[in-house]
1. Give just the number: which of (1) modelled with pLDDT under 95; (2) assigned to a strand (DSSP E or B) does Met34 not satisfy?
2. Hey, could you check region 1-15 for residues that are over 26 Å from Asp109 (Cβ atoms) and in a strand (DSSP E or B) and say which is most open to solvent (accessible area, probe 1.4 Å)?
3. Test Arg66 against the criterion of being over 12 Å from the mean Cα position of the chain (by Cα) and either over 14 Å from Leu18 (Cβ atoms) or not aromatic (Phe, Trp, Tyr) (or both), and give yes or no.
4. What about Tyr94, is it on the phi < 0 side of the Ramachandran plot, under 14 Å from the mean Cα position of the chain (by Cα) and of a type outside the set (Val, Ile, Thr)?
5. Filter region 70-99 down to the residues that are open to solvent by 30 Å² or more (accessible area, probe 1.4 Å) and part of a loop (DSSP other than H, G, I, E, B), then identify the one that is farthest from Gln44 (Cα to Cα).
6. State yes or no: is Tyr59 modelled with pLDDT of 95 or more and surrounded by fewer than 20 Cβ atoms within 10 Å (Cβ to Cβ)?
7. Would you say Val119 is within 14 Å of Arg19 (Cα to Cα) and within 15 Å of the chain's Cα centre (by Cα)?
Amino acid sequence: QVQLVESGGGLVQPGGSLRLSCAASGSIFSINTMNWYRQAPGKQRELVAVIDSGGSTDYADSVKGRFTISRDNAKNTVYLQMNSLKPEDTAVYYCNVFVIWSLDGREYDYWGQGTQVTVSS
């Protein structure tokens, strides 16, 4: 099995910064795409940022220029650096990781437990 552990959420004032981390562990052969999603109260879960195995990235228009996704393959970890935070960034943030399982060589996707980000003065 594979476990994802998220960290880094919290309360921050508008204009502030936070860095989220999501570490994968378990029966991992390799990791393909790593994503960050978020879900605000009463809204659907939305894709925020994507990074593929080659390091190519993509972002939702609402966070372009403010958020940066990165990964450390040696640590099986994906990060989301969030700058210039706005109240509308308030949500539970989830990592989503596509893992090649070492036991059967197939790809499975896993979700983190979610971490709350609140942007408020």
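The values are calculated or read from the model by the stated rules, or taken from the named source; none is laboratory data. Predicted model only: the values in this text are computed from it and were never measured. Methodologically, a virtual Cβ is constructed for each residue, glycine included, from the backbone with ideal geometry; neighbour enumeration extends over all protein chains shown. Surface accessibility is based on the protein's heavy atoms, side chains included, excluding ligands, DNA and RNA. Shrake-Rupley method; radii C 1.70, N 1.55, O 1.52, S 1.80 Å.
1. (1)
2. Filtering first and then ranking leaves Leu11.
3. Considered against the rule, which asks whether it is over 12 Å from the mean Cα position of the chain (by Cα) and either over 14 Å from Leu18 (Cβ atoms) or not aromatic (Phe, Trp, Tyr) (or both), Arg66 comes out as yes.
4. Answer is yes for this residue.
5. Filtering region 70-99 for residues that are open to solvent by 30 Å² or more (accessible area, probe 1.4 Å) and part of a loop (DSSP other than H, G, I, E, B), the one farthest from Gln44 (Cα to Cα) comes out as Asn76.
6. When the stated conditions are applied, Tyr59 passes them.
7. Spelling it out, it is not the case that Val119 is within 14 Å of Arg19 (Cα to Cα) and within 15 Å of the chain's Cα centre (by Cα).
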